[in-house]
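Before any comments, here is the structure.
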Amino acid sequence: PPTLQGQNAMEAHPVTLSFRDELERPFLDSYYKNSLSLVRFSLICGIIIYAFFGVLDAQLVPDMKEKLWMIRFAIVCPILLAIILFSYSVQFKKYFQSVVSLAMVIAGLAIIAMISIIPPPVNYSYYAGLILVLIWGYTFTRVRFIWASIAGWIIVASYEIEAIWITETPMSILISNNFFFISANLVGMFSCYYIEHYARRDFYLAHLLEQEQEKIVAANQTLEKIVQDRTSQLVETNKSLRMEIEERKTAEAKKAELEKQLLQAQKMEAIGTLAGGIAHDFNNLL
């Protein structure tokens, strides 16, 4: 998108998607906070789906359903439930990714264990359960791409070992199963990659928006300070101007008073001169 080009481009590792700067820790905190409720819901859904397929066990291999149910109800479902309970602990945040990835691996290995004990050809169809596990792990558990990919390929490798060296699956069936199984794993990887990528992009855009808001706040504060300084200067200037006006009025009043006194003195001087002249003339007559 244009908003992520140039100097605003999101700097993240192309494989792990980790941020290259101090944003990684805040993102992980935010990602955990936003994912916690969805993780619990996905684990509950996983338990329900895993238990529901026990009906399939009873239909396809009724004579082995007890062993299969032991794996489903005594191992996998309790582990998923324990993870849900652990999610309410303050320590869960530290082990969030590793624990949920482990749940994905356990769910996959449990199905592989079922495949290994179910006689052929029924066991050949159980690989479909692994596809559901991959879809669930990659898209609903909020496991990060790097963790989910490790878990997914562990499941793939374990299935290949079981199918080739333990049950000796016929090549035609192995090729057919691998086509769908590995394709599902690759599609899940791409889905998980872009889920995390867009989560990081949204976080980064929110971070940029927050930075711009901080710049706007700082600019507003600077502008307010400038306005306050200018207002203070204007107040001081007006105060000085009023004082100058008052001083000028006082000086003009004093000037008018002095002019009045000068005029009065000039009048008295003229009267005195006139009186002296009259007295001089009267003295001459005498």
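The values are calculated or read from the model by the stated rules, or taken from the named source; none is laboratory data. Fair warning: this is a prediction, and the values are worked out from it, not measured in the lab. With ideal geometry, Cβ positions are generated from the backbone for all residues, glycine too; neighbour counts draw on all protein chains shown. These accessible areas exclude ligands, DNA and RNA; they are computed on the full protein's heavy atoms, side chains included. Shrake-Rupley method; radii C 1.70, N 1.55, O 1.52, S 1.80 Å.
When we measure straight from the Cα of Lys249, which lysines land under 19 angstrom away, once same-chain ones fewer than 8 places off are left out?
Lys239, Lys260
Please work out the Cα convex hull volume for the range 65-110 and give it in Å³ per residue.
Per-residue hull volume (Cα only) is 47 Å³.
Let me know the whole percent of all Cα-Cα pairs from the range 1-152 that are separated by more than 26 Å.
I get 36 percent for the Cα pairs in the range 1-152 exceeding 26 Å.
All other residues with a Cβ under 10 Å from the Cβ of Leu23 taken together, and with Lys, Arg as +1 and Asp, Glu as -1, what is their net charge?
-1
Calculate how large, on average over all directions, the projected area of the Cα convex hull of the range 239-286 is; give the answer in nm² to one decimal.
Result: 2.8 nm².
Taking all protein chains as present, what is the carbon and sulfur share of the accessible area of the chain, in % to the nearest whole number, probe 1.4 Å?
66
Please work out how much accessible surface Glu252 shows to a 1.4 Å probe, ignoring ligands, DNA and RNA, in Å² rounded to 10.
Roll a 1.4 Å probe over it and Glu252 shows about 110 Å².
Towards the positive end of the charge dipole of the chain, with charges on Cβ (+1 Lys, Arg; -1 Asp, Glu), say which of Leu241, Val15, Ile111 has the farthest Cα.
Of the options given, the answer is Ile111.
For the range 136-178, state the semi-axes of the equivalent ellipsoid (square roots of 5 times the eigenvalues of the alpha-carbon gyration tensor), sorted largest first and rounded to whole angstrom.
26, 10, 7
How big is the dipole moment of the range 50-145 about its Cα centre under a simple scheme where the beta carbon of each Lys and Arg is +1, that of each Asp and Glu is -1, and everything else is neutral? Debye, nearest 20, please.
460
Mean shadow of the range 112-156, computed from the convex hull of its alpha carbons, in nm²?
Averaging across all directions leaves 3.1 nm² for the Cα convex hull.
With r as the distance between the Cβ atoms of Leu36 and Ile166 and R0 = 30 Å, compute the FRET efficiency 1/(1 + (r/R0)^6) and round to 0.05.
It comes to 0.20.
Mean Kyte-Doolittle hydropathy of 0.0 or higher plus an axial Cα length of 30 Å or more: which whole DSSP H helices in the chain meet both?
Helices meeting the span and hydropathy rule in the chain are 24-52, 92-117.
I'd like the accessible area for Cys77: 1.4 Å probe, protein heavy atoms, all chains in place, Å² to the nearest 10.
Here the accessible area works out near 20 Å².
In 10 Å bins starting at zero, report the fraction of Cα pairs in the range 62-182 per bin as a rounded %.
Going out from 0 Å in 10 Å bins, the range 62-182 shows 13, 42, 32, 12, 2 percent.
Using per-residue counts of other Cβ atoms within 10 Å, averaged over each peptide, order 259-267, 183-191 from highest down.
In descending order of packing, they fall as 183-191, 259-267.
Pairs of Cα atoms under 8 Å, at least six residues apart: use those to get the relative contact order of the range 101-197, whole percent.
39
Compare Thr139, Thr169 by solvent-accessible area with a 1.4 Å probe and give them largest first, with all protein chains kept in place.
Thr139, Thr169
Identify which of the listed values of mean projected area of the Cα convex hull in nm² was calculated from the structure shown: [x] 17.1; [y] 14.8; [z] 28.1.
Label [z] holds the value from this structure.
Across bins of 5 angstrom width beginning at 0, how are the C-alpha pair distances of the range 122-195 distributed, in whole percent?
Final binned percentages: 3, 17, 30, 22, 14, 9, 5, 1.
Taking the Cα centre of the range 54-105 as origin, sum charge times position over the Cβ atoms of Lys and Arg (+1) and Asp and Glu (-1), and report the length of that vector in debye to the nearest 20.
Here the size comes out at about 280 debye.
Which one of Thr231, Thr250, Thr222 has the biggest mean-square fluctuation once the chain is modelled by GNM with Cα springs under 10 Å?
Thr250
Any idea what Rg and Dmax come out to for the range 181-262 if you just take the C-alpha atoms, in Å?
35.0, 119
Quick one, can you get me the convex hull of the C-alpha atoms of the range 125-263 expressed as volume per residue in Å³?
Spread over its residues, the Cα hull of the range 125-263 gives 88 Å³ apiece.
Using the Cα centre of the chain as the reference point, and only Cβ charges (+1 on K/R, -1 on D/E), how large is the resulting charge dipole? Debye, rounded to the nearest 20.
Charge dipole of the chain: 460 debye, to the nearest 20.
Taking the range 144-235, which GluC sites (Glu not before Pro) meet the DSSP loop condition and have no more than 14 other C-beta atoms within 10 Å?
Glu168
Points 7 angstrom from Cα along the Cβ direction at Leu262 and Lys67: gap in nanometres?
13.2
If R₀ is 30 angstrom, what is the calculated FRET efficiency for the pair Arg25 and Leu223, using the beta carbon separation as r and rounding to 0.05?
Calculated value: 0.35.
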